[in-house]
Number of protein chains: 2
Amino acid sequence: MARKLGTPPPAVTVDTIILTVGAGLTDLRVLLVRRGRAPFAGRWAIPGGFVEPGESLEQAARRELAEETAVTDLAYLEQLYTFGDPGRDPRGRVITVAYYALVPAAGIEPHAGDDAADARWFSMFDLPRLAFDHGRILDYALARLRAKMEYTTVGFGLLGEEFTLSELQSLYELILRRRLDKRNFRRRILAMGRLEPTGRSRMNGVHRPAGLYRFAREKGSTPKAARKRHEATRRK
Amino acid sequence: MARKLGTPPPAVTVDTIILTVGAGLTDLRVLLVRRGRAPFAGRWAIPGGFVEPGESLEQAARRELAEETAVTDLAYLEQLYTFGDPGRDPRGRVITVAYYALVPAAGIEPHAGDDAADARWFSMFDLPRLAFDHGRILDYALARLRAKMEYTTVGFGLLGEEFTLSELQSLYELILRRRLDKRNFRRRILAMGRLEPTGRSRMNGVHRPAGLYRFAREKGSTPKAARKRHEATRRK
DNA sequence: GCAAAAGTGTTTAATATACACCCATGA
DNA sequence: TCATGGGTGTATATTAAACACTTTTGC
């Protein structure tokens, strides 16, 4: 474990990709900060910073998130990958542990931090040229999110406390970039056993009101039992 | 990106979990090195070291591997996870980027490196107490390998150039720790379209000789086409 | 001819996909 | 009564799982 003399230690940053959805579920958005100084002055970048002595990598990611947004309830946070190619930062060796976070749709406003001259949301599907290798990191994050959406409930947290199944489906279609069949989607999503009807409903125009659901954080019952319960609820 | 004064930068190591299978496909093995000095002197640990200035993280993992074993053909290498909890190394902040590597079954002997007083293979299912949080890292690696075995061809590289389907099945059963149905296994594995018969066969006792296969590195044809081709081959 | 592993199909269950109409609402 | 999105079921195809006997070999 002895370190060779004369080789400066690499710098380590934790960068956090903060994702949310735009109002009306029309867009998947990522929070970027504009760099004030060289290199890449004026370019947009993923917010990040150094790890403080006493904190874990995940805590560093959470701190970043708190510094960049007024987010209170974080829906999801996961380590994405560690990027460490030499030359990815012209100033010297920088190793970046990337995390990605999902925050609910409610009107989150970015607030400019100490470092960040400016911070704002961008569409994940219409990104500016980014600093460093951050474009590649975002590609990687989107691929991971898509893969996980297929077989987990990660996506649920992007919506608020209560949501309709149509909203959830719009979210899936938005991120996966393909149309889903309404009936099959509802069946599959309810079969996961993590959604429970709140009993309330919401009207969103001149048509039948939509039932509201909430995400059951506790690991629900088995899919089969969940479906049965859902059918029973329906019969009432 | 400015760094606060007075906070020493964390050390970064790349640790590589080197996995292979024991002769006779009876065991999944991991290469560990015995620590010569404190902390955890005498305990076994995952081989690792610092990143050299000019190399990528993956290159560092490959270098480790070359230093610890006489491996020539590496079957698989993937970044696993980055561990950085404060306190995981009593000497100070150490962030470890873990990789895992699969090397073919052929008689790989570890050779003691500069740092490592001693290096040897251990069964993944009968591990000694490890230094640092390395036990947890191995758990994580095994979980990842198992998950990937279910839907990819990662495992194939653990066998040599040529192998029988029974050997491949033994490998899967060994790592997944459950019995598999022979017929279903062969069907599924051939349907992946990445295995081609070499035309040769091997005798391994007083019974019918087993056909040999090789791993087709090039992305083969579609599963359906592969099965058709297999059936056609069979008919000859 | 016997012991031992290699090699082969079919039946059934579970899961995924495709697809069209009625419902509740406010204007 | 109409326009709008909400809500439901069934038939078919695909995939996964269970299951047993014949073949080839050396002794």
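Annotations
- Some residue of segment B:90-99 being over 16 Å from A:V12 (Cα atoms), of a type in the set (F, W, Y), more than 8 Å from chain A (Cβ to nearest Cβ) and out of contact with any Ser or Thr (no Cβ under 7 Å at 6 or more places or on another chain): no
- Looking only at residues of segment A:41-55 that are without any contact (Cβ under 8 Å) to a residue 60 or more places away in the chain and in a strand (DSSP E or B), we find that the one that is nearest to the other protein chains (Cβ to nearest Cβ) is A:F50.
- Counting only residues that are loosely packed, with under 13 Cβ neighbours inside 10 Å and modelled with pLDDT of 95 or more, segment B:107-122 holds 0 of them.
- Close contacts from segment B:190-210, counting a first residue that is within 14 Å of chain A (Cβ to nearest Cβ) and a second that is more than 6 Å from DNA strand C (Cβ to nearest atom), with Cβ to Cβ under 6 Å and a gap of 6+ residues or different chains, come to none at all.
- Residue match in segment A:128-147 (condition: part of a loop (DSSP other than H, G, I, E, B) and of a type in the set (K, R)): yes
- Among (1) surrounded by fewer than 19 Cβ atoms within 10 Å (Cβ to Cβ); (2) touching a residue at least 12 places away in the same chain (Cβ under 8 Å); (3) of a type outside the set (V, I, T) - the single one A:A38 does not satisfy: (2)
- The residues in segment A:166-191 that are among the aliphatic types (A, V, I, L, M) and either within 10 Å of DNA strand C (Cβ to nearest atom) or in contact with a His (Cβ under 7 Å, 6 or more places away or on another chain) (or both) can be counted, and the count is 3.
- Filter result for A:Q59 (surrounded by fewer than 20 Cβ atoms within 10 Å (Cβ to Cβ), without any contact (Cβ under 8 Å) to a residue 40 or more places away in the chain and in a strand (DSSP E or B)): no
- Yes/no for A:R29 being crowded, with 18+ Cβ neighbours inside 10 Å, of a type in the set (K, R) and either closer than 20 Å to A:D89 by Cα or modelled with pLDDT of 95 or more (or both): yes
- Some residue of segment B:116-133 being under 30 Å from B:M203 (Cβ atoms), among the hydroxyl-bearing types (S, T, Y) and in contact (Cβ under 8 Å) with a residue 40 or more places away in the chain: yes
- Some residue of segment B:96-103 being out of contact with any Cys (no Cβ under 7 Å at 6 or more places or on another chain), within 26 Å of B:R214 (Cα to Cα) and assigned to a loop (DSSP other than H, G, I, E, B): yes
The values are calculated or read from the model by the stated rules, or taken from the named source; none is laboratory data. Fair warning: this is a prediction, and the values are worked out from it, not measured in the lab. Note that each Cβ is placed from the backbone with ideal geometry, even for glycine, and that neighbours are counted across all protein chains shown.
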